[in-house]
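Derivation of every value follows stated rules applied to the coordinates shown; laboratory data play no part. Predicted model only: the values in this text are computed from it and were never measured. Virtual Cβ from ideal backbone geometry, glycine too; neighbours counted across all protein chains shown.
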Amino acid sequence: MGIEIGELAARLGGREIEGDAAFVVEDVAGLEGGGPRDLGFLRSASHASALAESSLGAVIAPEGVDVGGRPVIRSPLPNLDFARATGWLRPAVRPPAGIHPSAVVAGDAKVDPSAAVGALAVVESGATIGAETVLGARVVVGAGTTVGRSCWLHAGALVREGCVLGDRVILQPGAAIGGDGFGYEFNERGEHEKVPQVGNVVLEDDVEVGANSTVDRARLGTTRIGRGTKIDNLVMVGHNVRIGEHGILISQTGVAGTSTLGDRVILMAQSGVGGHIEIGDGSFIGARGGVIEDLPPGSRVWGFPSIPERAWHRSMSVFAKLPEIVRRLRALEKRARTDEDGS
């Protein structure tokens, strides 16, 4: 149905408008492929030339960027404001409330009447599904598990027995919550003997877990992911890990068992945290970083083993010069040998 630019600006907190405030946008699009009723955005003036060739009807852009006379919402945070506008112009289509005929729901499970349970989903004994929560196709919610309000568990997600999901939790397809932690001991015969994992997992409010990521249940007690933390695809969180609020774990990251991450910790892609490590609030671990010792709050580290960011950048600058350094060193060694034999 579309939204007037003026209304969008008001929803975004009263952003300044240039041009026709009554201009109606019907969809969102990138700079390429957008049409005359589509809304786009520019992060900075460096994209102005691409906008000049675009058919977009309106944009969200920073102050001072030339938009070619289009209606524009001026924003200090154009990417964020465009994301919010996308949510209004393309709202997620929530399935209707009710339980699909092919779903299997235990007789003593509690499913709020406003919840939606999809095809072939399973809700086991004693589980509780909160109001307006969506369980997609083939989702499995284990015995005694609690799922809060307005959650969305996409197709194939799994939450094993006894786990707790807060409100507005999102599990992307294939996410597995509450699988056994990896624990074995050598027995008297030198064989691997499994250590029972009898704890659970708690995902606090507004946590999101990406596709095919795993959060293991605790051996004893709880593996806990703090409020607002976002976990990307293909991430592994080990047993008894505790992650604070509003953290970010990017794809292919791994956190070994019993480690603790403070609030607002960022782990970039393919980084790893060893077992029994403590990382302080506000720390940043660069891509492919390996943390094998505790980090104080506010740390910024790169590399394996991880070192402070500035030291890592200096090391990388030297690394690029190593072939020339080796060549010069060999020349000096040759000269020294020549000087020693007097020739």
- Output ordering of 288-294, 144-150 (per-residue mean of other Cβ within 10 Å, highest first) is 144-150, 288-294
- Item | Cα gyration tensor shape of the chain, rounded if a/c is under 1.5, else prolate or oblate by comparing a/b with b/c | oblate
- Query: When Glu124, Glu324 are ordered from fewest to most other Cβ atoms inside 10 Å of their Cβ, what list results?
  - Reply: Glu324, Glu124
- So, by mean Cβ neighbours within 10 angstrom, what's the order for 203-211, 332-340 with the highest one leading? 203-211, 332-340
- Lys, Arg +1 and Asp, Glu -1 on Cβ, resulting dipole of the chain about Cα centre, debye, nearest 20: 660 debye
- Neighbourhood charge, 10 Å Cβ-Cβ cut-off, centred on Ala131 and excluding it, Lys, Arg +1 and Asp, Glu -1: -2
- Query: With labels modelled as points extended 7 Å from the Cα through the Cβ direction, what inter-label distance (nm, one decimal) is found for Lys194 paired with Gln270?
  - Reply: 3.3 nm
- For the residue pair Asp66 and Arg330, what label-to-label distance in nm results when each label sits 7 Å from Cα along the Cα-to-beta-carbon direction? 5.4 nm
- Query: Most mobile of Pro305, Pro62, Pro96 per a Gaussian network model of the chain (Cα springs, under 10 Å)?
  - Reply: Pro62
- Task: May I ask you to sort Met316, Met236 by Cβ crowding, counting other Cβ atoms within 10 Å and putting the fewest first?
- Result: Met316, Met236
- Item | Cut-off 13 Å between beta-carbons: net charge of the residues surrounding Ala83, Lys and Arg +1, Asp and Glu -1 | +3
- Note on the structure: Sparse-neighbourhood loop hits (GluC sites (Glu not before Pro), segment 156-188; DSSP loop; Cβ within 10 Å at most 10 others) -> Glu188
- Protection proxy ranking, peptides 307-315, 270-278, 224-232, average beta carbon neighbours within 10 Å, highest first: 224-232, 270-278, 307-315
- Item | Paramagnetic reach from Ser251 in segment 279-295 [backbone N under 18 Å; point 7 Å along Cα→Cβ] | 286-289
- Along Cα→Cβ, 7 Å out, is where each label goes; now give me the distance between the ones at Asp281 and Ala97 in nm to one decimal. 4.0 nm
- Could you tally the net charge around Ala21, taking each other residue with its Cβ under 15 Å from the Cβ of Ala21, Lys/Arg +1 and Asp/Glu -1? -1
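Return the FRET efficiency for the residue pair Ile292, Asp20: r is the Cβ-Cβ distance, R0 is 41 Å, and the value is rounded to the nearest 0.05.
0.10
What size of dipole, in debye to the nearest 20, comes out for segment 3-89 about its Cα centre when the only charges are +1 on Lys and Arg C-beta atoms and -1 on Asp and Glu C-beta atoms? Intermediate results must be reported in sequence, preceding the final value.
On the way: 7 positive and 13 negative charges, 46 e Å.
Rounded to the nearest 20 debye, it is 220 debye.
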